[in-house]
Amino acid sequence: MINYIYTCIFLAFLVISCSSKKTEIEETKMVLKYPETKKINQIDNYFGTSISDPYRWLEDDRSEETENWVANQNEVTFSYLEQIPFRAKLKERLKELWNYPKYSAPFKKGNKFYFYKNDGLQNQSVLFTQDNLESEPSIFLDPNTLKEDGTAALGSTSFSKNGNYFAYAINDAGSDWQTIYIKNVITGEVLKDELKWAKFTGMAWKGEGFYYSKYDVPEEGKEFSTSNEYHKVYYHKLNTNQSDDELVFWQKDYPKRYMFAETSEDENYLFINVQEGISGSQLYFKDLRTQNDFVALNSNFKNDHYYIDNEGDNAFIYTNYKAPNYRLVKVNLSNYYKGKNKDENEWKDFIVEHPKEVLEQVSFVGNVIIAKYMKDAHNVVYTIDESGKRNKQIELPTIGSVNGFDGTKSDSTTYYSFTSYTYPSTIFSYNITTGVSKVYRNSEINFNSDMYETSQVFYKSKDGTEIPMFLTRKKGIKMDGTNPVYLYGYGGFNISLNPGFRITMLPWLENGGIFAVANLRGGGEYGEKWHKQGMLLKKQNVFDDFIAASEFLIEENYTSKEKLAIAGGSNGGLLVGACMTQRPDLFQVALPAVGVLDMLRYHKFTVGWGWAVEYGSSDDSTHFNNLIEYSPLHNIEKDEVYPATLVTTADHDDRVVPAHSFKFISELQAKHKGESPVLIRVDVNAGHGAGKPTEKVIEEWADIWSFTLYNMNEEY
């Protein structure tokens, strides 16, 4: 942050330099000219209400006209960004911070160990193998060699039970579409098998093959926008053509459902998790030792149900049925074939629901059961005894997040990673026999955590609900209302924002900024009840929570309106879009990333139909009346003064198609009255975010921080 306290000798110079800086920014705003965006006469009628959609043509993201529009917008945006004096310095600092080795926790498959490693600035992490944890590792699979620009990313992976084969999916240029390949672990040979048009899939092994999910081949030219329908589960046998794959499960009367396959560790059972949207599922199973058909374990899609493990014919199911904070139940599968206890009301608790902690994960590893819970948006971990009761708590370094505890029932050691906002990801080993955790690998980042602190505060939303928020900052910062704050939120799809170390945040924190994360309703921080309070007709609660977080930060003198930036991606992009249109007076900078911004048409593209369980659909009059009230695209007012806005998206985003961002920025540029810039940054050969090359991530964050600081009249 700018230091305005200098000696008298330099005071006159400071006034001159600040004045010239202000003039430079004002001149930028005055001369900024947005590209002309064509309007068409498109009027839609929703239950008697006429809605204009003049930028409908931008939904065709592969047309030459749209591509020219993108090029013109990018030219304006990057011309603006290039004149920010500290942009290059920020990029170099990010590269410097990023350049250290990063490791995953090791895991064992067959008789070998594996781990992921990124040397520092590699675009994609590399998968290594070793005979034991003390032996010299060697490269097993390097995605960086697949494409020169690093845009080929490793997606889903799966080893056969004996560890002799490795199935892996490759995402190209950020798309959700995947191509599956198979590697012989013994010989190192990549088989001729090539499985195309897979999406939202794992690879569930059975014998000499595996089950996977795919869609039919999409229409040429519409691969990244057309609605994806009829998800199907196939069985692929090694060394055969994809055209010979066996169709195992689909529901021809329900084109808009997801199908996910999983096999039990003993490969006796196949489970199919069927979902109509992002939440709620129906679980089917089949005994692969018999000719029996699939049987449904539960009757509807009102709750979540996931297979975890089994002991013989007894399956352990993770569910929020009659348990908003989730529980683990034990189900006898053979009884279903016998016609007995075919009702989820007959399920028996194994790990009962906890009233104040949300059960997040259960692992059966070695001879113990490890249960990870969420308490006030951070993790606590317990071992569970044979009766399902808590045995002991696994001590963690501080308030933070845990991932791992994977393995098989024959393992004696398991591994997990721990991280928090000021605690770089550290890998621990856990001895199952002794119950002792030890540091296996410390982070090598050059970061002094002693200089920073994280606190958790609780504030009241509009309706009085208490909302938790994490605040990370340098120690000793004065709360005088002058601190730049980057406020991040999500608030949807039962997704929780837990503490985690982010390299991208370090330049902000080093520069005196505060990083705030609000745990809004709609997420999963307090279970399914918390989720339901921020979905469908209650979605406005989420925006109220975020606005209340902003007001709290200002009232408590953490910051001021002139120093407050709001940010979020995907559903969080919707959050930012809704809040900046509802309260444009409250924020200095708005950063909606890959956002769902057209709430009337989101369900018409790729897998957007799956979000109707969260948002509701404009095809229904009740939900239309709700959606139109907050849809960011439809609530931009003419001659309103909006915050400085940098919309970010990517040309290969086939989850939240870039048309959302294209139409939103077009409307904003046409109606915005203020001098603050409203720009769009369109990444090329990138997608929704997962697997984005390191180089592209660094460039994007250098631009985000440059834009944000510059429009707060801050320096770096």
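The values are calculated or read from the model by the stated rules, or taken from the named source; none is laboratory data. Since the model is a prediction, treat every value here as computed from it, not as a measurement. Here the Cβ positions follow ideal geometry from the backbone for every residue, glycine too, while neighbour counts run over all protein chains shown.
Among the listed residues 326, 318, 306, 336, identify the single one that is of a type in the set (Phe, Trp, Tyr), crowded, with 16+ Cβ neighbours inside 10 Å and within 20 Å of residue 232 (Cα to Cα).
The unique qualifying residue is 306.
Cβ-Cβ under 7 Å, sequence separation 6+ or interchain: first residue in region 265-278 and on the phi > 0 side of the Ramachandran plot, partner in a loop (DSSP other than H, G, I, E, B) and crowded, with 19+ Cβ neighbours inside 10 Å. Which pairs?
So the pair list comes out as 267/206.
Restricted to region 260-293, and to residues that are part of a strand (DSSP E or B) and of a type in the set (A, V, I, L, M), which residue is farthest from the chain's Cα centre (by Cα)?
The qualifying residue farthest from the chain's Cα centre (by Cα) is 270.
Just need a number here: residues in region 209-237 that are over 22 Å from residue 253 (Cβ atoms) and in contact (Cβ under 8 Å) with a residue 40 or more places away in the chain.
Number satisfying all stated conditions: 8.
Identify all residues within region 339-357 that are surrounded by 15 or more Cβ atoms within 10 Å (Cβ to Cβ) and assigned to a helix (DSSP H, G or I); write none if there are none. Working first, answer last.
Within region 339-357, the first condition is being surrounded by 15 or more Cβ atoms within 10 Å (Cβ to Cβ), and the residues that meet it are 342, 344, 347, 350-351, 353-354, 357.
Passing the criteria: only 344.
Determine if region 153-167 includes at least one residue that is modelled with pLDDT under 90 and either assigned to a loop (DSSP other than H, G, I, E, B) or of a type in the set (A, V, I, L, M, F, W, C) (or both).
The answer is yes, given that some residue of region 153-167 is modelled with pLDDT under 90 and either assigned to a loop (DSSP other than H, G, I, E, B) or of a type in the set (A, V, I, L, M, F, W, C) (or both).
Which is in a strand (DSSP E or B) and either within 26 Å of the chain's Cα centre (by Cα) or among the β-branched types (Val, Ile, Thr) (or both), of 697, 647?
647
From the list 147, 89, pick out the single residue that is crowded, with 17+ Cβ neighbours inside 10 Å and either of a type in the set (D, E, K, R) or touching a Pro at 6+ places or on another chain (Cβ under 7 Å) (or both).
The unique qualifying residue is 147.
Report yes if residue 522 is in contact with a His (Cβ under 8 Å, 6 or more places away or on another chain) and outside any strand (DSSP E or B), otherwise no.
Spelling it out, residue 522 is indeed in contact with a His (Cβ under 8 Å, 6 or more places away or on another chain) and outside any strand (DSSP E or B).
Could you check region 79-107 and list, in sequence order, the residues that are in contact (Cβ under 8 Å) with a residue 60 or more places away in the chain, assigned to a helix (DSSP H, G or I) and under 27 Å from the mean Cα position of the chain (by Cα)?
Once the filter is applied, which keeps residues that are in contact (Cβ under 8 Å) with a residue 60 or more places away in the chain, assigned to a helix (DSSP H, G or I) and under 27 Å from the mean Cα position of the chain (by Cα), region 79-107 yields 81, 87, 90, 91, 93, 94, 95, 97, 98.
Collect the residues in region 494-543 that are within 17 Å of residue 401 (Cβ to Cβ) and of a type in the set (Phe, Trp, Tyr), keeping them in residue-number order.
Those that are within 17 Å of residue 401 (Cβ to Cβ) and of a type in the set (Phe, Trp, Tyr): 501, 515, 526.
Take the residues of region 537-571 that are in a helix (DSSP H, G or I) and among the basic types (Lys, Arg): which is nearest to the chain's Cα centre (by Cα)?
Looking at the filtered set, the residue picked out is 538.
Residue 189 passes all but one of (1) free of Cβ contacts under 8 Å to residues at least 12 places away in the same chain; (2) crowded, with 20+ Cβ neighbours inside 10 Å; (3) charged (D, E, K, R); which number fails?
(2)
Of 188, 150, which residue is closer than 26 Å to residue 109 by Cα and part of a loop (DSSP other than H, G, I, E, B)?
Result of the check over 188, 150: 188.
Tell me, yes or no, whether region 456-467 has at least one residue that is in a loop (DSSP other than H, G, I, E, B), at pLDDT 95 or above and out of contact with any helix residue (DSSP H, G or I) (no Cβ under 9 Å at 6 or more places or on another chain).
There is at least one residue in region 456-467 that is in a loop (DSSP other than H, G, I, E, B), at pLDDT 95 or above and out of contact with any helix residue (DSSP H, G or I) (no Cβ under 9 Å at 6 or more places or on another chain).
Mind listing whichever residues of region 230-259 are closer than 20 Å to residue 202 by Cβ, outside any strand (DSSP E or B) and among the aromatic types (Phe, Trp, Tyr)?
230, 250
Please enumerate the residues belonging to region 448-480 that are β-branched (Val, Ile, Thr) and under 25 Å from the mean Cα position of the chain (by Cα).
Hits for region 448-480 are 454, 457, 467, 472.
Filtering region 623-672 down to residues that are within 21 Å of residue 46 (Cβ to Cβ), modelled with pLDDT of 95 or more and β-branched (Val, Ile, Thr), which residue is surrounded by the most Cβ atoms within 10 Å (Cβ to Cβ)?
Checked region 623-672; the qualifying residue surrounded by the most Cβ atoms within 10 Å (Cβ to Cβ) is 636.
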